[in-house]
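Provided herewith is a single structure, encoded as structure tokens, for subsequent inquiry.
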Amino acid sequence: MQMSQIVKCHYREEKRVQVSPPLTRGPSAFIPENEVMQANGLDERTNLLVEEYSTSGRLDNITQVMSIHTQYLESFLRSQFYMLRMDGPLPLPYRHYIAIMAAARHQCSYLINMHVDEFLKTGGIAEWLNGLEYIPQRLKNLNEINKLLAHRPWLITKEHIQKLVKTGENNWSLPELVHAVVLLAHYHALASFVFGSGINPERDPDTSNGVRLIAVNNFCVCDLANDNNIENASLTSSNFGIADSLSELEALMERMKRLQEDKEDEEASQEEMATRFEKEKKESLLVISGAFDDEIVSTDVSRYVEDPGFGYKDFARRGEDHLPTFRAQDYTWENHGFSLVNRLYSDIGHLLDEKFRMVYNLTYNTMATHEDVDTTTLRRALFNYVHCMYGIRYDDYDYGEVNQLLERSLKVYIKTVTCYPERTTKRMYDSYWRQFKHSEKVHVNLLLMEARMQAELLYALRAITRHLT
């Protein structure tokens, strides 16, 4: 082994974030190992996809859990591979360092360590891994947009864009900036999936105990699995029995059926639809608020974080300046965002569009033990609720459906996974849809991840469009 390789190996071990090994076997602390293995154990397609599109060349835990939905996995891996490895405006080490900066906003040590390895493998300068003060000013300038995109994307304006593209020798070209924004949004959203699915640290054949110390979050993994780190009144009171959860399932299916019938009978007025959105937006602030103001960021992770106290703030919080609602019809992904991304960073628009459509339309026409069920209204409610928490409103959607279809414990879970993913626990995951299969809950996590990514992109791309006009 050459001296440079030895130095890089040393750096890799030194810069990984250390945590306790997992207490559960398999890729997820939330999903029994045999359920993941049953879903993908014999799937040759998954292995072929990993060979073709995995940057690490191995079947990592994220891929194993996602491969429960192989159709979606292909779209995900293709777009991620394109961002990280194919021709694009940014040098390869920059791409991985940006992934580290994005993951650090949510203390997602799993993704940080994955990209520490990839950063060094692609020729990154090892000193940069000492923290943000060691990186070029040009990369440092991304801190503000990284922070806003991750937590309060509605605050991004054309002035933020102008500042980045007009900073003299450290300026970003628009294609470079679009590449960076796509990476930031991708890894913020992927952190949501990692926490929401309880992704375990990787097992490494090169270590004596088989475990690479990759954190799931800043809590000990035993806390994540046993839920010692969070007590939430709205969850701890829901110790339903099997009969209760079965009747809960039947009630949900009945509400879906009734909504479909009501829709055929009469449509609400535009004024009523707008009122229902504002009501839902305001009510979303009542879901988990203010209980975690003093979170501690581990020192291992904090080296990659500027302004660690900055987090999600309810768009609709009372008593603050009212921020205008983002009317989706005024700036849509299909009519505006897609073409801008494709123009400045060719082909990524097509890959992202395919991924968004895939997850939104993915269905097996089942709900728990029921077959031949049209789940369209449920999928739309999940996607639109995430956008509602980011202030994005669809004029043609009746937000009354969200309240009828999404129970309180599911709203708690959605808001946590989307806005504060590092706080997600097994109790939250277990507390909603008790009769549903794990594969269906993974599908929920994929929907939340893509809805979040699209919301971030809409705000960032709208600011870039305003800069250009």
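The values are calculated or read from the model by the stated rules, or taken from the named source; none is laboratory data. Owing to the predicted nature of the structure, the values given are computational and were not obtained by experimental measurement. Neighbour counts run over all protein chains shown; Cβ positions are idealised from the backbone, glycine included. Remember, those area values only see protein heavy atoms, side chains included, never the ligands or the DNA or RNA. Shrake-Rupley method; radii C 1.70, N 1.55, O 1.52, S 1.80 Å.
State, as an integer percentage, the relative contact order of segment 377-469 based on alpha-carbon contacts under 8 Å between residues 6 or more apart.
Once divided by the residue count of segment 377-469, the mean separation gives 37 percent.
Also, quick follow-up: Just check segment 60-120 against the gyration tensor rule for me: Cα atoms, a ≥ b ≥ c as the square roots of the eigenvalues, rounded for a/c under 1.5, and otherwise prolate or oblate depending on whether a/b exceeds b/c.
oblate
Would you please classify the overall shape of segment 76-181 from the alpha carbon gyration tensor, given that a ≥ b ≥ c denote the square roots of the eigenvalues, rounded means a/c under 1.5, and beyond that prolate means a/b larger than b/c while oblate covers the rest?
Because its axes are fairly even, with a/c under 1.5, segment 76-181 counts as rounded.
Please list S79, S56 from largest to smallest accessible area, probe radius 1.4 Å, with all protein chains kept in place.
From most accessible down to least: S56, S79.
In percent, what relative contact order does segment 310-419 have, based on Cα pairs under 8 Å that are 6 or more apart in sequence?
Over segment 310-419, the number comes to 30 percent.
Could you do me a favour and compute the accessible area per residue for segment 90-211, 1.4 Å probe, result in Å²?
For segment 90-211, the solvent-accessible area averages 28 Å² per residue.
Still on this structure: Assigning unit charges at the beta carbon (Lys, Arg +1; Asp, Glu -1) and nothing else, what dipole magnitude in debye, to the nearest 20, does segment 46-164 show about its Cα centre?
I would put it at about 440 debye.
Let me cross-check E44: its accessible surface, 1.4 Å probe, with only protein heavy atoms counted, in Å² to the nearest 10?
Surface open to solvent at E44 totals about 140 Å².
Ok, one more. Restricting attention to the alpha-carbon atoms of segment 320-396, what are Rg (one decimal) and Dmax (integer), both in Å?
For segment 320-396, the Cα radius of gyration and maximum Cα-Cα distance read 15.7, 47 Å.
Would you mind putting 122-134, 65-77 in packing order, based on average other-beta-carbon counts within 10 Å, highest first?
Ranked by mean Cβ neighbours within 10 Å, highest first: 65-77, 122-134.
Leaving out ligands and nucleic acids, note down the accessible area per residue over segment 414-469 with a 1.4 angstrom probe, in whole Å².
About 21 Å² of surface per residue is accessible.
Peptides 190-198, 377-385: what's the order by average Cβ count within 10 Å, highest mean first?
The packing order, highest mean first, is 190-198, 377-385.
Okay, next question. Pull out a ≥ b ≥ c, the square roots of the eigenvalues of the alpha-carbon gyration tensor of segment 346-455, then state rounded if a/c is under 1.5, prolate if not and a/b is larger than b/c, and oblate in the remaining case.
Here segment 346-455 falls in the rounded category.
Taking a threshold of 21 Å on the Cα-Cα distance, which of the pairs K158/K279; K163/K313; K158/K411; K411/K441; K279/K313; K313/K355 fall above it?
K158/K279; K163/K313; K158/K411; K313/K355
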